[in-house]
Amino acid sequence: MSDATLPAIAAPRQRAPGIWRQSWYRFRRNRAGLIGLAMVTLVVLVALLAPFAAPFAPDDTSAMLRGAARRAPSALHWLGTDRNGYDVFTRMIYGARTALAVGLGAMIIASVIGVIIGGIAGYAGGMVDELLMRFAEFFMVIPVFVVILAVVRLFGIVVVGTWLEDIPNLNLMTIIVLLGCFEWPPIARMARAEFLRLRNSEFVEAAHCIGSSRRDILLRHILPNAMPPLIVLVALGIGGAILAETMVSFLGFGDPRAVSWGQSLYFNYEALKVAPWAVLSPGAALFVTVLGFNLLADGLTDAFNPRTRQ
Amino acid sequence: MSALLEVDGLSKYYPVLERRLFRASKQTEIRAVDGVSFSVAEGETLGLVGESGCGKTTTARSILNLVEPSDGAVRFQGEDIVPVFRGGDRARILAIRRSLQYVFQDPYLSLNPRWTIGETLKEPLRVHRPEAPETWDARIGELLRMVGLEPHHAWRYPHEFSGGQRQRVGIARALAIEPRLLILDEPVSSLDVSVRAQILNLLAELQDRLGLAYLYISHDLSSVRYISTHVAVMYLGKLVEIGPVDDIFTRPRHHYTRALLSAIPVPSPGAAQDRIVLQGEVPSAMRRPTGCPFHPRCAAALPVCAQSEPLLMPPSAPHRAACHNPL
Amino acid sequence: MLSTLAPASSPPVVAAPAPLLQVRDLRVHFHTREGVVRAVDGVDYHVNPAETLGIVGESGSGKTVSSLATLRLVPPPARMAGGQILFEGQDLLAKKPAEMAALRGRRIAMIFQNPATSLNPIYSIGAQLGEILMWHEKASRAEADARVVELLGLVGISDPGARLRQFPHELSGGMKQRVGIARALLCNPSLVLADEPTTALDVTIQAQILELLADLQKRFRMSMVLVTHDMGVVARMASRITVMYAGRVCESADAATIFNAPRHPYTRALLESMPRIDHSYTGAARRPLPTIAGRPPNLLNPPPGCRFHDRCPEAAPECRRLLPLETPVGPGHTVSCLKRGSEGIAA
């Protein structure tokens, strides 16, 4: 006799919900997480559908020529116009594209660097671990902001007159790459901790006993199990990167050719009293986006944490 | 009977750096396993017992090179496998892994939580039978039946199973590539009493059917008594007694073995058990006593016990104990 | 002020004393997202003065929850859903939180399973044990220290004066459990709850701790509830035993009866399924151990009728419908089984 009989809940060939599906079930029960997901989805949809959703072209300053700059919201300009004659609503919509490009771009770069460096450190251990982690700490003590401002300004001077000038949004890409190159250490630390924990876990030892190759163990056993906390960190990081880009742009170091919320704030903050809509709109968009990613990360933490399963 | 696995003078030392504030750091070592020798014959079970920290798990892990042994030989079917692992020739390592498998203590930790049972069982087949992927599914079904599960359980995830069922999956994974010897590391100690019996029965049945040899590591002496043909007792990294199971349990010759046996509460109230309660605790492996490691706690210790280390005596007898003043 | 440690000299109790602790129809439910888990569902047991009651069962049987409920220490998703806990004649469930706090550690004390986590790592032994006396007995620092030293000596800790200033991490597992025992005995409790007190320890250390507990219990004539899954430990320690399964009591009797003449099919199966170190299983003697088929029921949705019916070799049709009630089958021996003459109630 055995304890082998499970309650017949599914037809034999049907797969039971896996760990990801289960996480989704848990995520669904988290109100804050769902609100975050809705906010992020909204921002993503707006970014994707920008050309159809926006009433004007993003670089349309015709209102200025009509003498209609800094106009309050009206039927033609739903959220009014700013001091350059841009349609605020249009700029807000196109700003979502830049924000997401910065957030996702920077965090993709950071994740790749972070997972590789952290993974190697955690799996190899010893001297390699020590060196890589000191390297990561070196990056953590550099003031990112100052570096970005300096590099953007220097780079802006260096490229003048070269073919590099023709690359669209070069300035924005520089910011993305720099953010990615400075945001990886927390991811590397988490990846290291996870790889270290999983390297010594029994199911990885079991794979060693079977004779699985190191590549299989790293890619099929350890990496998928290390993902959940890293995903949470990346979701939080996206919000952080968007904020960072906004600050750079607000200081006037942003990409003049990109439509960015930070830049809108920079252009219009002096007119806060006269044309508050031009500042409040991008501010609200930024607020929704960053809050959305933070709430999403919060929901994911709960979804991936089996202790809330009960 | 020929020895399938022969462990000869196996040792594992861990270097420890004692950092001191005002003096030079001192390099010492912990002898987790110290010159352990035993053999497991075809179709037999050797129970390896001892308390936590005695080195029984390190011994098992050294055999499979999950930790690299510091010294000694591990001969499997006559061939020393320590240099093979060290040499890193993948084909030869796989050949050894095929006949030597491990079942882990904790069935909750030893299965990849993101894989279905089928994927877990497929892994050894992917590694060792890459030439015939069409046979994998049939083999998985066969394995699941062999351990008392159903083929459709292959589609389930570990979290849907009870502890006992997971341990069955762990056993099925170890059996996938038809090993000759299974190393069982506390396979039932995390299970409930009623489930323990089921797993012990399964192990006994598989042994009879497949002619497997087991190295059964446990601190649970009653399950050791049930499953083993021979028993080896470890204390502080040393083998202190080894012999046929009934000899060890009824006529122990080492004082530690006797104390260990009498410490197990027997499920009969008022049983006239001549209880020997050992005084003190197992010393830290960093402060190992000189001579016999057990002498500070031994009631029958002689002056010689503190000075010279006893050897397993008589040398070629089946029942040997490392004691200057045996029972 | 502080009671002295002279062994109690009251004459041996004669015939059926009033129980010190009487638990009646205790129900503890866990409110989870999936529904209500009936972890303890109508449990009765009692503890007489100066005796050790062993509560045995497998994981999920409700043995730990029912003992924690005695102190009203069930963790949040759990709620006391009914029943009575009479301690020295007073219902603990009717007491105010402050009254319970005054009782805990003083009249009823607890020994925990894991000595490594049950002591606070940032306080010295003297500070954390002394604090209990200063709170409960309003003792001064010096009085508290003196009493702690006395108890540490009593539980077999060498050089107790020096241990006062030591921290938990400086002690071995067995030593920590001794400190845990000393802590439980500080205020001379009349009842000690010990939840798997030796499960985390090695067998030779377990033997030391069990001997110590048995000795202290006898010397101070205190009552003890010993919760464990280990039949060997209860055989060694308990004078009476209550066997639990799936949140209910199967059988209660004195220790000898439980082991030598068990009546409930679960008790029998549990005892038979254990290999014994005093039996030989070599060669042909290694026959399959008797096992209990199936697995314990999900307490979210327990089967109607007897909780054990779907694993029971003797189950009859009525066992599926009727929940058996505890019925006396001998002196001090009760069984909940329809096949043993228990009355059944429809769920």
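Looking only at residues that are surrounded by fewer than 20 Cβ atoms within 10 Å (Cβ to Cβ) and free of Cβ contacts under 8 Å to residues at least 60 places away in the same chain in segment A:241-265, which one is farthest from the chain's Cα centre (by Cα)? Can you show your working first?
Quick first cut of segment A:241-265, residues surrounded by fewer than 20 Cβ atoms within 10 Å (Cβ to Cβ) only: A:243, A:247, A:250-252, A:256-257.
Within this subset, residues satisfying the condition of being free of Cβ contacts under 8 Å to residues at least 60 places away in the same chain are A:243, A:250, A:252.
On the way: A:Leu243: 10, A:Phe250: 19, A:Gly252: 22 Å.
Among those residues, the one meeting the criterion is A:Gly252.
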Quick check on segment B:242-293: of everything there that is away from every other protein chain (no Cβ under 11 Å), more than 28 Å from C:Tyr281 (Cβ to Cβ) and under 24 Å from the mean Cα position of the chain (by Cα), which residue is surrounded by the fewest Cβ atoms within 10 Å (Cβ to Cβ)? B:Met286
Checking C:Ala6 against (1) closer than 27 Å to C:Gly130 by Cα; (2) at pLDDT below 90; (3) surrounded by 14 or more Cβ atoms within 10 Å (Cβ to Cβ): exactly one of these is not met. Which one? (3)
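Can you give me the ranges of the strands (runs of 3 or more DSSP E) entirely in segment B:1-102 with at least 2 residues that are modelled with pLDDT under 90 and more than 20 Å from B:Tyr216 (Cβ to Cβ)?
Once the strands (runs of 3 or more DSSP E) in segment B:1-102 are filtered for at least 2 residues that are modelled with pLDDT under 90 and more than 20 Å from B:Tyr216 (Cβ to Cβ), what remains is B:3-18, B:26-41.
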Subset of segment C:238-266 (residues that are away from chain B (no Cβ under 12 Å) and either in a strand (DSSP E or B) or under 13 Å from C:Pro328 (Cα atoms) (or both)): C:Thr242, C:Met244, C:Arg248, C:Val249, C:Cys250, C:Glu251, C:Ser252, C:Arg263, C:His264
Report every pair of residues separated by at least 6 positions or lying on different chains whose Cβ atoms are under 8 Å apart, first residue within segment A:23-45 and touching a residue at least 24 places away in the same chain (Cβ under 8 Å), second hydroxyl-bearing (Ser, Thr, Tyr) and part of a helix (DSSP H, G or I). A:Arg26/A:Thr308; A:Met39/A:Thr289; A:Val40/A:Thr289; A:Val43/A:Thr289
Looking at segment B:165-184, which of its residues are over 21 Å from B:Val127 (Cβ atoms) and either surrounded by fewer than 22 Cβ atoms within 10 Å (Cβ to Cβ) or modelled with pLDDT under 90 (or both)? none
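Has segment C:65-73 got at least one residue that is of a type in the set (Ser, Thr, Tyr), assigned to a loop (DSSP other than H, G, I, E, B) and modelled with pLDDT under 90?
At the first step, the residues of segment C:65-73 found to be of a type in the set (Ser, Thr, Tyr) are C:66-67, C:70.
Those still in the list that are assigned to a loop (DSSP other than H, G, I, E, B) too: none.
The answer is no, given that none of the residues of segment C:65-73 is of a type in the set (Ser, Thr, Tyr), assigned to a loop (DSSP other than H, G, I, E, B) and modelled with pLDDT under 90.
Could you go through segment B:88-96 and let me know if any residue there is touching a residue at least 60 places away in the same chain (Cβ under 8 Å) and more than 8 Å from every other protein chain (Cβ to nearest Cβ).
At the first step, the residues of segment B:88-96 found to be touching a residue at least 60 places away in the same chain (Cβ under 8 Å) are none.
Checking segment B:88-96: not a single residue is touching a residue at least 60 places away in the same chain (Cβ under 8 Å) and more than 8 Å from every other protein chain (Cβ to nearest Cβ).
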Out of the residues in segment B:40-56 that are more than 14 Å from chain C (Cβ to nearest Cβ) and under 12 Å from the mean Cα position of the chain (by Cα), which is surrounded by the fewest Cβ atoms within 10 Å (Cβ to Cβ)? B:Val40
Return yes when C:Thr199 is modelled with pLDDT under 90, closer than 22 Å to B:Ala259 by Cβ and either surrounded by 18 or more Cβ atoms within 10 Å (Cβ to Cβ) or acidic (Asp, Glu) (or both) and no when it is not. no
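Give C:Ala316, C:Ala235 a once-over and let me know the one that is away from chain B (no Cβ under 12 Å) and in contact with a helix residue (DSSP H, G or I) (Cβ under 9 Å, 6 or more places away or on another chain).
C:Ala316
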If you take the residues in segment C:102-130 that are touching a Phe, Trp or Tyr at 6+ places or on another chain (Cβ under 8 Å) and in a helix (DSSP H, G or I), which one is farthest from C:Gly180 (Cα to Cα)? C:Leu103
Kindly indicate the residue of segment A:6-31 that is buried (at least 16 other Cβ atoms within 10 Å of the Cβ) and at pLDDT below 65 and also farthest from the other protein chains (Cβ to nearest Cβ) among those meeting that condition. A:Leu6
Sort out which residues of segment A:65-79 are outside any loop (DSSP other than H, G, I, E, B) and in contact with a strand residue (DSSP E or B) (Cβ under 8 Å, 6 or more places away or on another chain), and write them in order of number. none
Looking at segment B:135-158, which of the residues that are within 26 Å of the chain's Cα centre (by Cα), assigned to a helix (DSSP H, G or I) and surrounded by 22 or more Cβ atoms within 10 Å (Cβ to Cβ) is modelled with the lowest pLDDT? B:Pro158
Identify the single condition in (1) crowded, with 23+ Cβ neighbours inside 10 Å; (2) without any contact (Cβ under 8 Å) to a residue 60 or more places away in the chain; (3) of a type outside the set (D, E, K, R); (4) not in a helix (DSSP H, G or I) that C:Ile277 does not satisfy, given that it satisfies every other one. (1)
Go through segment B:187-231 and give me each residue that's within 7 Å of another protein chain (Cβ to nearest Cβ), among the β-branched types (Val, Ile, Thr) and assigned to a loop (DSSP other than H, G, I, E, B). B:Thr229
Subset of segment C:280-314 that is surrounded by fewer than 21 Cβ atoms within 10 Å (Cβ to Cβ) and among the polar types (S, T, N, Q) - its residue that is modelled with the highest pLDDT: C:Ser280
For segment C:175-225, give me each residue that is within 14 Å of chain B (Cβ to nearest Cβ), part of a helix (DSSP H, G or I) and not hydrophobic (A, V, I, L, M, F, W, C). C:Lys176, C:Gln177, C:Arg178, C:Thr204, C:Gln206, C:Gln208, C:Glu211, C:Asp215
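Suppose we filter A:Leu34, A:Leu45, A:Leu65 for residues that are under 22 Å from A:Gly103 (Cβ atoms) and loosely packed, with under 13 Cβ neighbours inside 10 Å; which single one remains?
Details: A:Leu34 fails: loosely packed, with under 13 Cβ neighbours inside 10 Å; A:Leu65 fails: under 22 Å from A:Gly103 (Cβ atoms).
After applying the criteria, what remains is A:Leu45.
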Does segment A:115-126 contain at least one residue that is part of a loop (DSSP other than H, G, I, E, B) and over 30 Å from A:Ile222 (Cα atoms)? no
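The values are calculated or read from the model by the stated rules, or taken from the named source; none is laboratory data. From a predicted model like this one, the values you see are computed outputs, not experimental measurements. For neighbour counting, all protein chains shown are included, and Cβ atoms are generated from backbone atoms with ideal geometry for every residue, glycine included.
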